[in-house]
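Novice: Just dropping this structure here.
The values are calculated or read from the model by the stated rules, or taken from the named source; none is laboratory data. Since the model is a prediction, treat every value here as computed from it, not as a measurement. Cβ atoms come from the backbone with ideal geometry, glycine included; neighbour counts cover every protein chain shown. Protein only, heavy atoms only, side chains kept; ligands, DNA and RNA dropped before computing areas. Shrake-Rupley method; radii C 1.70, N 1.55, O 1.52, S 1.80 Å.
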Amino acid sequence: MKFLSIAIKDLKEILRDRRGFFFILLFPMLFMLVFGFAFGGMGGNTPHNLAVINYDQGSVLPNNQSVNFGNNLTQILENAKYPNSNVYVFNVTQPSESNADQQLKQRKIDAELIIPQNFSQASVSLINNTISSTTNTPSASSSNITSTLIIRGDTGYINFGTTQGILTGILSQYKDEIVIDTQNNVRGTPGAQPTEYLNSKVEPIAGTGDYTTFDYLAPGMIVFAIILLATTVAASLTREVDKGTLARLKLSKMRGFDLLFGGLIPWSLVVVAQVIILLAVAIIIGFHWQGGLNSILLAILVGVIGGIASISLAMIIAAFAKNDRQAANLGTLITVPTSFLVGAFFPLPQEPIGTFMGQSFQIYDFIPWTHTLNALRSVLTYGGGWNDISFQVGISVLLTIILFVIGVALFSRTRLRAES
Amino acid sequence: MDYIINAQNITKDFDGFKAVDGLSLQVKKGEVFGFLGPNGAGKTTSINMIVGLLKPTSGQILINGEDVQKIDKGLIGICPQELVLWDNLTCKESLTLIGDMYEVPKKILKQRVNKLLKDLLLTYKADTVVTKLSGGMKRRLNLALALVHEPEIIVLDEPSEGLDPQSKRVLWNYIKSLRDDEGKTVILTTHLMDEADKLSNRVAIIDHGQLIRLDTPENLKKEIGEGDVVEMKLSKPQMNNEIIKSLKSIQNILSVVEVDGVINLRAMDAVSKLPKIMDKVESAGVQIADISVRQNTLEDVFIELTGSSLRE
Ligand SMILES: Nc1ncnc2c1ncn2[C@@H]1O[C@H](COP(=O)(O)OP(=O)(O)O)[C@@H](O)[C@H]1O
Ligand SMILES: [Mg+2]
């Protein structure tokens, strides 16, 4: 268990090196604050251009009232206003789908919402299920119909990011309110058939209206912190080489595995701390966090994978740097542009170079932290779950493994053998 | 003959600069072997090759007849010339870490660490982090780290560098006990003549990466000269020759010469002879403007051995 001794040693060194530790946390925190104050007010209180394509064919309620939830939703979106203001949240248009796609490309609209044919059917089945579970009478038609609302847009466009964030919030609230409304109706008139479910459903949606550009950018700050970690880890590895303590370890029975695997553990813990603390700071300064506790766990998982990629990068840097100053310089030279490349500060233009498993691929997609960022944004900003990020996580694991193998090979070759 | 270390014609070439040049030597089991040479002679480089940290450009190093890259890792312990410590670990943590790395069983390790701390007068600093230790304490910890796994061969690279005279005695006694009580083989590099003299069974003198002499201290001293050096500046330098003549009449004076207007006197235990020396000078009606006593240094030896002074 030599790797455990190394892990404990590294952890002690990290925690006792106060200055280094604060740098790891404070520097990204500073960026978070700056971005929070710069972009926290942006995007809010201006209407977002939204095209709604409503394919909903309507359905019939248990009381034989015919309804079209697609129209209802569209109306809600049209009428939604920012809290305490007369400004509408969306500027809704209803072009054809191909027209909307065209406008998306020209950035005339920020996002496009496609309501599927069976949206009303799905909503009615949701109502039926709610009734039967509330009154405890098995319903004949309690089959589950799922329909998927599609939010379409250019992921490289900040306005899409914010619009998507608001929409996601409204949609999940819409679904929740159908359920709550139904329950209230059923309970309020015991024994009687509920009459109207969605009579007064046109109302502003609270909470998500003041969605800002910062909500889109905040996860980028976490990714920036994780990438920046490579610099710190590289400096610490190089210090071990430069001070000769590595030579001491090399002479012992320690293997390369013990050193590198042992190092992964404490630095991963640092990433966990980074994710939690930065998220907390973001929320304090106005980040609209949409995920639950679950999203923190997912964010930590995603962060740690990104962190391992950073440690791998650190090994590559430490294989070449001669002292910790050089490692820090070289590290900064690599990590800062990388942060820009993965879009940690602002999204980059989309230049697809091919498709893989149905997803179009960019140059940036070969950098593991691109997927760290996508996944973090997915869970923290849009409240997505495991299913929404599994693809991103898969790719980032794959890329991280590749980077790790390269890192271990280079570092072992240059630093763990007898010098020649 | 029972050689534990056998270096055969090792050479180290740093981009065309030969730091070690065809060095061959054998170290006997259970001896203290001294490496003596000026700064830059190639001592550290040689040692790094002997312990397997550095690959020789050519030549071979055998430990107990086996190539150094293949030996059991626990066989050698090295105390490097520079302090090689983890700044943010305590003495105890550092020693325990290295013990763990050598797979010393936990229980034995605990006892050993405590004994080492005691032997090297570090017990009361056991839980102090390295950055808060004094220079001498760091040196002692540096040494202790070479010993936790009780290696057969102990390599000490300039161990007394930066130690006050008292710590130096402690260290020297400790080195002697490693050999005499525990039967360890010790390799020691130094640029101090008296250190090599007092501790080593045999001394290798190297310069420019080459072996100049390898012999017992007694034999080397016979050849090179011994004692302390008194350097003296007189108020009337024109009297130098006359004074030198009279100084030579003092018993047990090894040599008196003038070097650049300074009288240079070599004698065993020069301090005890100072009253006589001053007597001679003053009775000639001359005042001493400046006087210093120092140990016979490598410089003096080198001047005799190689005909050139030490480079710095
Ligand atoms: N890694 C290195 N690269 C180039 N030259 C070196 C290196 N290590 C040592 N040297 C040179 O080799 C010579 C011997 O150095 P060293 O073995 O440290 O001497 P010593 O220990 O006797 O003082 C010196 O001239 C030194 O500058
Ligand atoms: Mg040296």
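Novice: Tell me, which residue of the range B:1-19 that is under 24 Å from the mean Cα position of the chain (by Cα) and within 16 Å of ligand 1 (Cβ to nearest atom) is nearest to the other protein chains (Cβ to nearest Cβ)?
Specialist: The residue in question is B:LYS12.
Novice: Filter the range B:145-196 down to the residues that are part of a loop (DSSP other than H, G, I, E, B), closer than 25 Å to B:ILE63 by Cβ and within 15 Å of ligand 1 (Cβ to nearest atom) and list them by number.
Specialist: Those that are part of a loop (DSSP other than H, G, I, E, B), closer than 25 Å to B:ILE63 by Cβ and within 15 Å of ligand 1 (Cβ to nearest atom): B:GLU158, B:PRO159.
Novice: Quick one: in the range B:98-117, which of the residues that are open to solvent by 10 Å² or more (accessible area, probe 1.4 Å) and of a type outside the set (D, E, K, R) is farthest from B:GLU161 (Cα to Cα)?
Specialist: Result: B:PRO105.
Novice: I would also like to ask the following. Could you pull out the residue among A:SER98, A:SER172, A:SER141 that is modelled with pLDDT under 75 and open to solvent by 30 Å² or more (accessible area, probe 1.4 Å)?
Specialist: Residue meeting the stated conditions: A:SER141.
Novice: A further question follows. Name every residue in the range A:1-53 that is farther than 30 Å from A:LYS105 by Cα, touching a helix residue (DSSP H, G or I) at 6+ places or on another chain (Cβ under 8 Å) and away from chain B (no Cβ under 14 Å), in order of residue number.
Specialist: A:PHE23, A:ILE24, A:LEU25, A:PHE27, A:PRO28, A:MET29, A:PHE31, A:MET32, A:LEU33, listed by residue number.
Novice: Within the range B:20-43, which residues are within 27 Å of B:ASP181 (Cα to Cα) and either open to solvent by 20 Å² or more (accessible area, probe 1.4 Å) or more than 10 Å from ligand 1 (Cβ to nearest atom) (or both)?
Specialist: Those that are within 27 Å of B:ASP181 (Cα to Cα) and either open to solvent by 20 Å² or more (accessible area, probe 1.4 Å) or more than 10 Å from ligand 1 (Cβ to nearest atom) (or both): B:LEU25, B:GLN26, B:VAL27, B:LYS28, B:LYS29, B:GLY30, B:GLU31, B:VAL32, B:PHE33, B:GLY34.
Novice: Can you tell me which residue within the range A:406-420, out of those that are buried (at least 17 other Cβ atoms within 10 Å of the Cβ) and away from chain B (no Cβ under 14 Å), is farthest from the chain's Cα centre (by Cα)?
Specialist: Looking at the filtered set, the residue picked out is A:SER412.
Novice: Given the residues B:ILE71, B:ILE76, which is the only one that is buried (at least 22 other Cβ atoms within 10 Å of the Cβ), more than 16 Å from ligand 2 (Cβ to nearest atom) and of a type in the set (A, V, I, L, M)?
Specialist: None of the others qualify; the one that does is B:ILE76.
Novice: Answer with yes or no whether A:SER268 is of a type outside the set (A, V, I, L, M), out of contact with any strand residue (DSSP E or B) (no Cβ under 7 Å at 6 or more places or on another chain), closer than 20 Å to A:PHE3 by Cα and in the same structural domain as A:THR370 (by TED's automatic domain parsing).
Specialist: yes
Novice: What's the total number of residues in the range B:200-216 that are open to solvent by less than 20 Å² (accessible area, probe 1.4 Å) and either aliphatic (A, V, I, L, M) or outside any strand (DSSP E or B) (or both)?
Specialist: 6
Novice: Next question. When you check A:ALA327 against the structure, is it open to solvent by less than 60 Å² (accessible area, probe 1.4 Å), small (Gly, Ala, Ser) and part of a loop (DSSP other than H, G, I, E, B), yes or no?
Specialist: no
Novice: A further question follows. List, please: which pairs have Cβ atoms under 6 Å, are six or more places apart or on different chains, and start with a residue in the range A:403-420 that is in a strand (DSSP E or B) and end with one that is of a type in the set (A, V, I, L, M)?
Specialist: A:GLU419/B:LEU54
Novice: What strands (runs of 3 or more DSSP E) lie completely within the range B:31-127 and have 2 or more residues being more than 9 Å from chain A (Cβ to nearest Cβ) and among the aromatic types (Phe, Trp, Tyr)?
Specialist: Per the criteria, B:32-36.
Novice: Being of a type in the set (A, V, I, L, M, F, W, C) and either open to solvent by less than 30 Å² (accessible area, probe 1.4 Å) or away from ligand 2 (no atom under 14 Å from the Cβ) (or both) is the filter here; which residues of the range B:183-199 pass it?
Specialist: B:VAL186, B:ILE187, B:LEU188, B:MET193, B:ALA196, B:LEU199
Each row is one residue, and each column tells you yes or no for (1) of a type in the set (Val, Ile, Thr); (2) out of contact with any Gly (no Cβ under 8 Å at 6 or more places or on another chain); (3) assigned to a loop (DSSP other than H, G, I, E, B); (4) open to solvent by 30 Å² or more (accessible area, probe 1.4 Å).
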| site | (1), (2), (3), (4) |
| --- | --- |
| A:ALA344 | no, no, yes, no |
| A:GLU351 | no, yes, yes, yes |
| A:THR370 | yes, no, no, no |
| A:LEU376 | no, no, no, no |
| A:ASN387 | no, yes, no, yes |
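Novice: Scan (1) within 14 Å of chain B (Cβ to nearest Cβ); (2) free of Cβ contacts under 8 Å to residues at least 40 places away in the same chain; (3) open to solvent by 70 Å² or more (accessible area, probe 1.4 Å) for the single condition A:ARG255 breaks and write down its number.
Specialist: Unmet condition: (2).
Novice: In this structure, does B:SER167 turn out to be modelled with pLDDT of 90 or more, open to solvent by 10 Å² or more (accessible area, probe 1.4 Å) and in the same structural domain as B:THR96 (by TED's automatic domain parsing)?
Specialist: no
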